[in-house]
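In what follows, a structure is listed as structure tokens, so that the remarks can point back to it.
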Amino acid sequence: MVASLQNSVNTNTSSLAALASLRTINNNLSVAQKQLQTGYRVADAYDDASTFSVAQGLRGELQAYAAVQASLANGVGLGSVTQGALTGISDLVGNLEAKVTQLADGGISAGQRAIYTVDYNALTSQISNFIAQANYNGTNVLSAGSASKTFLADASASTLTISSQSSVSAAFSTFATSSVASASEATLALTSLETFATSVASSLGANASESRTLTLQSNFTNSITDAITIGVGALVDADIGKASAAVQALQVRQQLAIQSLAIANQQPSRLLGLFPTIH
């Protein structure tokens, strides 16, 4: 049996097949070029609706955690500044105790008392400066009447606190009113100085604990955001090397398909050869 070949000037099946192949190649080339241009395998819902929706949800979480990171950074900063001031004050308290003890000695001369008093005033002035300068982003938890500050701990709006340590300022104000003009007055000043030292030690420990908690939470939040970022990338990022190779291959296939379409389009005109030339 001889296979029959159907030729038609109305329907060119070869041309339709070539056109369908070219259309498929063009679509695939468009996808590969989009990946190269955007860097995403799933750039929008048209690429993959479900994956894009999941990625958008994760991006929303990242934005929430960005706000948490900013809040925790403020908390860590405030805690660090407060800790630095309290550490400096604690260091000076020992020097101040030595100086007041010297001033409580009834056997020193007037000249010696004057020298010790200058040192005493310099130390108290420096402590006052530490308290006044323990400011971060407009907040000073050492100042008189200061309030505790809360900071976001996670995306569900849980909070962590840097407590007010205004007791340090209050205890220092009481001590600063003490006179050291005589040995007996300096002896009395030692009592209020001890109260101030106790307040500093207590605040130093409390602020260190809260600052450490904020730092640990900040590190943990950074780990969470890194994990989410990697997850989003795994979902939507394109393999640029693979996409580049695909573009080059598809461009070659596109040229071949165009040539095949041109050949197929010439096929109906060959039917004219079946007819004699009319003169």
Original post:
Which pairs do you get when a residue that is without any contact (Cβ under 8 Å) to a residue 60 or more places away in the chain, found in segment 117-141, comes within reach of a residue that is surrounded by fewer than 16 Cβ atoms within 10 Å (Cβ to Cβ) and among the hydrophobic types (A, V, I, L, M, F, W, C), reach meaning Cβ atoms under 7 angstrom, with the pair 6+ apart or on two chains?
Top reply: T124/A176
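So that you can scan it fast, the table gives a plain yes or no per residue for (1) assigned to a helix (DSSP H, G or I); (2) under 18 Å from G75 (Cα atoms); (3) among the hydrophobic types (A, V, I, L, M, F, W, C):
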residue: F196; (1), (2), (3): yes, no, yes
residue: A201; (1), (2), (3): yes, no, yes
residue: A206; (1), (2), (3): yes, yes, yes
residue: R212; (1), (2), (3): yes, yes, no
residue: T215; (1), (2), (3): yes, yes, no
residue: G231; (1), (2), (3): yes, no, no
residue: A234; (1), (2), (3): yes, no, yes
residue: Q248; (1), (2), (3): yes, no, no
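Listed here are the residues, each with its yes/no results for (1) touching a residue at least 12 places away in the same chain (Cβ under 8 Å); (2) surrounded by 20 or more Cβ atoms within 10 Å (Cβ to Cβ); (3) in contact with an Asp or Glu (Cβ under 7 Å, 6 or more places away or on another chain); (4) in a helix (DSSP H, G or I).
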{"site": "A147", "(1), (2), (3), (4)": "yes, no, no, no"}
{"site": "A157", "(1), (2), (3), (4)": "no, no, no, no"}
{"site": "T174", "(1), (2), (3), (4)": "yes, no, no, yes"}
{"site": "T187", "(1), (2), (3), (4)": "yes, no, no, yes"}
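Quick one: which residue in V247, V252 is surrounded by 13 or more Cβ atoms within 10 Å (Cβ to Cβ) and either outside the structural domain of D154 (by TED's automatic domain parsing) or over 22 Å from T87 (Cβ atoms) (or both)? Quick ask: steps written out before the conclusion?
Numbers: V252 fails: surrounded by 13 or more Cβ atoms within 10 Å (Cβ to Cβ).
Of V247, V252, the one residue that is surrounded by 13 or more Cβ atoms within 10 Å (Cβ to Cβ) and either outside the structural domain of D154 (by TED's automatic domain parsing) or over 22 Å from T87 (Cβ atoms) (or both) is V247.
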Original post:
In segment 195-234, how many are free of Cβ contacts under 8 Å to residues at least 24 places away in the same chain and acidic (D, E)?
Top reply: 1
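The values are calculated or read from the model by the stated rules, or taken from the named source; none is laboratory data. Computed from a predicted structure; not experimentally measured. Cβ: placed from backbone, ideal geometry, glycine included. Neighbour counts: every protein chain shown.
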